[in-house]
2 protein chains.
Amino acid sequence: MRQDVPATIDRSSYEPAYAQLANILRRQIAAGIFRPGDRLPSEAQLCRRYGVSPMTVRRVINILAEQGVVVAEQGRGTFVKPLELGTAAFNLEEFQRIFRDEEQTKVTLLEIRIASADERIAQKLALEVGQRTIYIRRLISHQEAPVLYHREYLIYDPKRPIVEAELEVTSLRGLFNGGGESTLKRGELTIDATVLTKEEAQLLQAPEATAALRLEHIFYDFEDHPVSWGWFICPSDRLRLTTTVGIQE
Amino acid sequence: MRQDVPATIDRSSYEPAYAQLANILRRQIAAGIFRPGDRLPSEAQLCRRYGVSPMTVRRVINILAEQGVVVAEQGRGTFVKPLELGTAAFNLEEFQRIFRDEEQTKVTLLEIRIASADERIAQKLALEVGQRTIYIRRLISHQEAPVLYHREYLIYDPKRPIVEAELEVTSLRGLFNGGGESTLKRGELTIDATVLTKEEAQLLQAPEATAALRLEHIFYDFEDHPVSWGWFICPSDRLRLTTTVGIQE
DNA sequence: AAGTGGTCTAGACCACTAT
DNA sequence: TAGTGGTCTAGACCACTTT
């Protein structure tokens, strides 16, 4: 037994009862009091034990179930879930942090030009081959060191306000942290691995043939038309994706 | 307007009222009826409009907030969130799928042996340099083609049941899909990019110097002791991480 | 003061599982 | 039949923001 788990709910606390109870149960599981496969006390028992209403207990169980800590089975009970690697989720917080740190982060516009769509671009942006797109290359530096190289094709349509907004160098910041583009409905993202080309290595000041992560994106507007296709290149010694799976206290 | 959104809740449906209302609001947002930054109707208005109790509306708002679709601000209202790239989450479903498909997936044990810990291993597993570990190499093939190369160091402790369990080739399956190890409390995972070595390329039947994803893991038991350190190598043409961000209908 | 979200109650009724 | 989770109600009270 490593640490005592508080056993009651403090009604005078600023932390709401449901959050307190969720933490109590999660800590009990983390401490090994309830092991994977074990059944938790029934909801009625938890109501009596902690002096809260059924609705509040229900909410707590829902929270723990969403966190992947337990699984509730109707008619049988609520059980502690074993570790499941497939539920691990990696997020882009590291990327977000770079753009949030406005003092230390600089976005350099390397190139903007009109480019006519080849077959690949046309397919990604649902255009005809030969139609105009806007091609943008950016280099993102953090603390004086280049960390990301971004290339992007935007649909060219003078009627669309998004084009002007996207051209602004600051738009990337909004895209990562929110509050930016409000004309985008959704994006499809893919991560894979790549080897730096000579050009990429030079810009990113990395040795040639270094391994790098590649984050590809397509963004869609509210009419479900693609408006942007592009990708970030990120040497894997500068940015990693990390996460934890299982019980976090 | 692309599609009509059902405007009432069907009380005779098997789908609970809260789920129906969440879908109604999400579809209205997806259809552009409410745009990023817009305020949703107040909870009291939603109660009257859809004939449900405050608790049910509350639950709906919570669900949409968890999904990152809206943000509720006390005293002000509930607002549609703009697209935020930083909230994108990549999961390991692709990996999970491989192991779930038991017919088509074969795990080959390439090597098991006792290895004494060098400085790097000792640090990862919280051991002294020179202590014994179990070194395992596995090749995972799907539909006759190798997709993953796994190397792993396990702490060597005859008293620990985990060791025997981990040695079984089937244990990877349980780890990914759940129902496996119940002695593991949590894992720390990292994804980065790497270039295949000659040995890796040969085993994975890929050209040398190909880019690959590398998924590193450390697993901890309920005493918070590390029990396993290892990594999967996965050529990026065989497995990608994909996700979507924003509104999904 | 009025309107907003946030928490919580004390039940009701239902669906499902085990015995 | 008894016990389990799952949904839902009709309020209450509170904290916060806006006017």
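The values are calculated or read from the model by the stated rules, or taken from the named source; none is laboratory data. The model shown is predicted, which means the values in this text are computed figures rather than measured ones. Here the Cβ positions follow ideal geometry from the backbone for every residue, glycine too, while neighbour counts run over all protein chains shown.
Overview of results
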{"item": "Pairs, first farther than 14 Å from A:Cys47 by Cβ in the range A:13-25, second small (Gly, Ala, Ser) and exposed (fewer than 13 other Cβ atoms within 10 Å of the Cβ), C-beta under 7 Å, six or more apart", "result": "A:Gln20/A:Ser13"}
{"item": "In the range B:37-61, the residues that are more than 11 Å from DNA strand D (Cβ to nearest atom) and within 14 Å of chain A (Cβ to nearest Cβ)", "result": "B:Gly37, B:Asp38, B:Ile61"}
{"item": "Of all residues making up the range B:26-70, the number that are away from DNA strand C (no atom under 11 Å from the Cβ), touching a residue at least 40 places away in the same chain (Cβ under 8 Å) and part of a helix (DSSP H, G or I)", "result": "6"}
{"item": "In the range A:205-229, residue nearest to B:Leu239 (Cα to Cα) [restricted to those that are more than 10 Å from chain B (Cβ to nearest Cβ) and of a type outside the set (Gly, Ala, Ser)]", "result": "A:Trp229"}
{"item": "The listed residue being more than 21 Å from the chain's Cα centre (by Cα), more than 19 Å from B:Arg138 (Cβ to Cβ) and assigned by TED's automatic domain parsing to the domain that holds B:Val107, out of B:Ala201, B:Ala211", "result": "B:Ala211"}
{"item": "Residue within the range A:5-24 that is surrounded by 12 or more Cβ atoms within 10 Å (Cβ to Cβ) and in contact with a strand residue (DSSP E or B) (Cβ under 9 Å, 6 or more places away or on another chain) present", "result": "no"}
{"item": "Residue that is nearest to DNA strand D (Cβ to nearest atom), among those in the range A:70-102 that are farther than 22 Å from A:Gln143 by Cα and of a type in the set (Asp, Glu)", "result": "A:Glu73"}
{"item": "Candidate set: the range A:77-96, residues that are of a type in the set (A, V, I, L, M, F, W, C) and farther than 14 Å from B:Thr190 by Cα; chosen: the one farthest from DNA strand C (Cβ to nearest atom)", "result": "A:Phe95"}
{"item": "Leading residue by the ranking (modelled with the highest pLDDT) among those in the range B:163-175 that are of a type outside the set (D, E, K, R) and surrounded by fewer than 20 Cβ atoms within 10 Å (Cβ to Cβ)", "result": "B:Gly174"}
{"item": "Failed condition for B:Ala72, given (1) in the same structural domain as B:Arg138 (by TED's automatic domain parsing); (2) surrounded by fewer than 17 Cβ atoms within 10 Å (Cβ to Cβ); (3) not basic (Lys, Arg)", "result": "(1)"}
